[in-house]
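Heads up, the thing below is written out as structure tokens.
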Amino acid sequence: MDNTKKAWINGFFLAVTLVINILGSFGVINGLSQKQVSDMFPTLITPSHFTFRIWSVIYSLLIVSIILMITKKRDSYYQQAVGRISMLFPLSCVFNTAWVIAFCYIQIELSSFFILGLTITLVFICKQLLHIQEGGRWLLPLSFGLYAGWLCIATVVNIFVALVKNNWQGFGLASEMWAAIVLIAVVLLVMGLQFQIYNAVFPLPIAWAYFGIYHFLKVPEGFDGQYGLLQVIALAGMIVFIGVAAIQLYKNHATLQPSLKKHKLIY
């Protein structure tokens, strides 16, 4: 199959994904939106709702990215991108739509598997971009770096929601302690993933999520400042993620993602 057909197939899968997400956000699927389902099972690491507006940024960037892959037929960079991700991107769309549908039907446990599959697929896409990356090219690393980073923290929250739904007792540990452990563990996880994808954007949506977690812990409509330790950890984590992004940008010589060959990265 030639790259033009592959690019159009990617566009089709993205369009279906967008439709399902719009239906989910308006409560068309099972009469419940993702927000309504999330509100049924509040957790100490759920960000404030305003942070979820990042989805509009992510999907806007993905739309532009796919359009360029379709139209830039003579641009070797975008044609290589089509070749590299055309197996993974449709798979990510399948995971995305399955996740939304399962979540709206309150099948939180099942949705956790789908969102984990989505996140893993996106990390592999980011790794594939290392093979084609050129200096000055920023759209694809930005699009998929934001997407993968946001899904990384969304996966953790989704799993936490599943545990809350099933009244998990945390082996006797307080919920605040588990939330602290998870927030710290995510920092370590992100640092580990950075050694795989070298994407300077990847930590930033997680920093944004940590700010949202801090905000929800603090405000009256959230937990009204009851968990001071978690607020400190969330703010500290946000600062660490921004620092990791800045360091990665410096190591990448001011590019969002380096070239695998130029920088002789181990893959």
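The values are calculated or read from the model by the stated rules, or taken from the named source; none is laboratory data. Values in this document were obtained by computation on a predicted structure and should not be read as measured data. Glycine also receives a Cβ, built like all others from the backbone with ideal geometry; neighbour counts cover every protein chain displayed.
Quick notes
- Residue satisfying condition, being buried (at least 16 other Cβ atoms within 10 Å of the Cβ), touching a Phe, Trp or Tyr at 6+ places or on another chain (Cβ under 9 Å) and not in a helix (DSSP H, G or I), within set Leu193, Leu230, Leu260, Leu217: Leu260
- Exclusive hit being part of a helix (DSSP H, G or I), surrounded by 19 or more Cβ atoms within 10 Å (Cβ to Cβ), of a type outside the set (A, V, I, L, M) and in contact (Cβ under 8 Å) with a residue 60 or more places away in the chain, set Gly237, Gly222, Gly212: Gly212
- Test: Ala162 is under 27 Å from Thr121 (Cβ atoms), surrounded by fewer than 21 Cβ atoms within 10 Å (Cβ to Cβ) and small (Gly, Ala, Ser): yes
- Test: residue in the range 139-158 that is outside any helix (DSSP H, G or I) and closer than 15 Å to Ile85 by Cβ: no
- Out of Ala200, Ala162, one residue alone is outside any helix (DSSP H, G or I) and either touching a residue at least 40 places away in the same chain (Cβ under 8 Å) or in contact with a strand residue (DSSP E or B) (Cβ under 6 Å, 6 or more places away or on another chain) (or both). It is Ala200.
- Qualifying residue in the range 25-37 (condition: under 30 Å from Glu109 (Cβ atoms), surrounded by 16 or more Cβ atoms within 10 Å (Cβ to Cβ) and free of Cβ contacts under 8 Å to residues at least 24 places away in the same chain): yes
- One residue from Ala179, Ala245, Ala207 being out of contact with any His (no Cβ under 9 Å at 6 or more places or on another chain), in a helix (DSSP H, G or I) and either of a type in the set (Asp, Glu) or more than 30 Å from Gly136 (Cβ to Cβ) (or both): Ala179
- Elements of type helices (runs of 4 or more DSSP H) contained in the range 51-116, each with 3 or more residues being more than 14 Å from Ala154 (Cβ to Cβ), touching a residue at least 24 places away in the same chain (Cβ under 8 Å) and touching a Ser or Thr at 6+ places or on another chain (Cβ under 8 Å): 54-71, 88-104
- For the range 68-126, taking the residues that are over 19 Å from Phe144 (Cβ atoms) and of a type in the set (D, E, K, R), the one that is surrounded by the fewest Cβ atoms within 10 Å (Cβ to Cβ) is identified as Arg74.
- For the range 30-50, residues that are outside any loop (DSSP other than H, G, I, E, B) and either in contact with a strand residue (DSSP E or B) (Cβ under 8 Å, 6 or more places away or on another chain) or more than 17 Å from Tyr147 (Cβ to Cβ) (or both) total 8.
- Filter pass, Tyr250 being of a type in the set (Phe, Trp, Tyr), surrounded by fewer than 13 Cβ atoms within 10 Å (Cβ to Cβ) and not in a loop (DSSP other than H, G, I, E, B): yes
- Residue within the range 168-189 that is at pLDDT 95 or above, of a type outside the set (D, E, K, R), surrounded by fewer than 22 Cβ atoms within 10 Å (Cβ to Cβ) and within 30 Å of Val82 (Cα to Cα) present: yes
- Residues of the range 1-40 that are within 17 Å of Ile101 (Cα to Cα) and of a type in the set (Phe, Trp, Tyr): Phe13, Phe26.
- Any chance Leu44 is over 20 Å from Asn167 (Cα atoms), among the aliphatic types (A, V, I, L, M) and in contact (Cβ under 8 Å) with a residue 40 or more places away in the chain: no
- In summary, Cys126 fulfils each of the numbered conditions (1) modelled with pLDDT of 95 or more; (2) more than 15 Å from the chain's Cα centre (by Cα) with the single exception of condition (2).
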